[in-house]
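See structure below.
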Amino acid sequence: MKPFLKQKKTSKLLGWLLAGLFAVIATPWVVSAHEVYVLSSSQINQALAMPSFNLWTEIVSHLSQFGFWAFIGILLVFGIFWISTMRFLERRLDPFFLKIRPYATFIARLTIGLSFLAAAFYQAIYGPELPLVANFGPYAGPITLALVLIGLAIVVGFYARLAALIALVLYGILAYEHGSYMLTYVNYLGEIIVLLILGAHSLSLDRLFRRKSAGSPVSVRPAWFRNFADYLKPRSFAILRVLFGTALIYASVYAKILHNGLALLTVEQYHLDKLLGFEPHFLIMGGAIVEILIGLFFILGIEIRFTSLFLLFWLSLSLWFFGEVVWPHLILIGIPIAYVFYGYDDYSVEGYFFRNKKYEPVL
């Protein structure tokens, strides 16, 4: 892999990255990637009590319309693949992607660090439906302090593995309490695993201190841990990719298939059927299919950069439309940005089959 950009370019790029990510958390944007974020508690309870409608019935009822949009989607996927593997584009753009790839770990680390700081500020962990007081009772105060310390340690890259280990314990507690619902937030688990494998990695206080103490022993970690970490390092972004895709799929299945009354109430409340010109049930069916495909594309490693940009576009549109704070979705913004920088790993479908010795698919 090529070395980092020169110092001036590095500082300028880092400045833009920091400004952009902090602007995302501070700007009064609005978003809805999960239906439970735009409905009141009474509406959520009402929707969960409603019988779910059958998506297959909707496909059969709107077969010609479904076939038309499926054809458009297939054309889009093959068109992007054709453009993405054009050799002249690969020759022109891959050197740039190779230069920015080292920053992907920094973006991923910054994303989860800011997410924990936001959780402490908003007094809810992962999402507003998981308030600290309801989940930790009298320990909400110490948990808030822990979230602040975890977030700060991860953002600056100081004892990041220890911070990730504490974050893993918190995730385990909530997984025990809420069961399969925590698959909605398994993307956090992916970020935590990456931190445990890579540590703070680049652009961190840990790396800075390690350079200053170059004459001291390289590591106090046991050899078995170093060997295990070295084995997992090239697989870390593949693990994150799979868990991120899993979170997207589960969120869609939960709100649009298992409890699609949630999606139906959202469509009716915001008149999305009239705005987009689709029958409500067909609209929910189409949304479920698109979101599941996005998750599958991440899991399999197909058109990673295009899928990331596509997700960011619709998420931004949702930010503008629904009128909700952005903090629960910060991780849904940061991880796709990281994959725009990172591109393909060797365990992705396109990385394995379509990357030659010198170039990889552009999108």
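The values are calculated or read from the model by the stated rules, or taken from the named source; none is laboratory data. As the structure is a prediction and not an experimental result, all values here were calculated from the model. Don't worry about glycine lacking a Cβ; one is built from the backbone with ideal geometry, like all the others, and counts go over all protein chains shown.
E324 falls short on exactly one of the conditions (1) in a helix (DSSP H, G or I); (2) in contact (Cβ under 8 Å) with a residue 40 or more places away in the chain; (3) under 20 Å from the mean Cα position of the chain (by Cα); (4) surrounded by fewer than 21 Cβ atoms within 10 Å (Cβ to Cβ), and that condition is (1).
For the range 135-153, the criterion of being touching a Leu at 6+ places or on another chain (Cβ under 6 Å) and either under 28 Å from V253 (Cβ atoms) or not in a helix (DSSP H, G or I) (or both) is satisfied by no residue at all. S42 falls short on exactly one of the conditions (1) loosely packed, with under 11 Cβ neighbours inside 10 Å; (2) modelled with pLDDT of 85 or more, and that condition is (2).
E268 - would you say it is at pLDDT 85 or above, surrounded by fewer than 19 Cβ atoms within 10 Å (Cβ to Cβ) and out of contact with any Phe, Trp or Tyr (no Cβ under 9 Å at 6 or more places or on another chain)? No, not satisfied. Answer with yes or no whether L311 is surrounded by 20 or more Cβ atoms within 10 Å (Cβ to Cβ) and in contact with a Pro (Cβ under 7 Å, 6 or more places away or on another chain). Spelling it out, L311 is indeed surrounded by 20 or more Cβ atoms within 10 Å (Cβ to Cβ) and in contact with a Pro (Cβ under 7 Å, 6 or more places away or on another chain). The set of residues from the range 339-359 being assigned to a loop (DSSP other than H, G, I, E, B) and more than 22 Å from the chain's Cα centre (by Cα) comprises F354, R355, N356, K357, K358, Y359. Evaluate the range 113-129: report whether one residue or more is modelled with pLDDT of 90 or more and loosely packed, with under 12 Cβ neighbours inside 10 Å. Scanning the range 113-129 turns up no residue that is modelled with pLDDT of 90 or more and loosely packed, with under 12 Cβ neighbours inside 10 Å. Here S316 fulfils each of the conditions (1) assigned to a helix (DSSP H, G or I); (2) under 20 Å from T105 (Cβ atoms) apart from (2).
If you go through the range 49-69 and pick out every residue that is surrounded by 13 or more Cβ atoms within 10 Å (Cβ to Cβ) and assigned to a helix (DSSP H, G or I), you end up with 7.
Note on the range 327-353: residues that are crowded, with 18+ Cβ neighbours inside 10 Å, farther than 21 Å from I192 by Cα and of a type in the set (F, W, Y) amount to 0. Against the test of being part of a helix (DSSP H, G or I) and more than 23 Å from the chain's Cα centre (by Cα), the options I107, I112, I72, I80 yield a single qualifying residue, I72.
Is it true that some residue in the range 354-361 is within 30 Å of Y103 (Cα to Cα) and buried (at least 20 other Cβ atoms within 10 Å of the Cβ)? The answer is yes, given that some residue of the range 354-361 is within 30 Å of Y103 (Cα to Cα) and buried (at least 20 other Cβ atoms within 10 Å of the Cβ).
Looking across the range 271-302, the residues that are surrounded by 18 or more Cβ atoms within 10 Å (Cβ to Cβ) and touching an Asp or Glu at 6+ places or on another chain (Cβ under 7 Å) come down to P280, H281, F282, L283, M285, F297, G301, I302.
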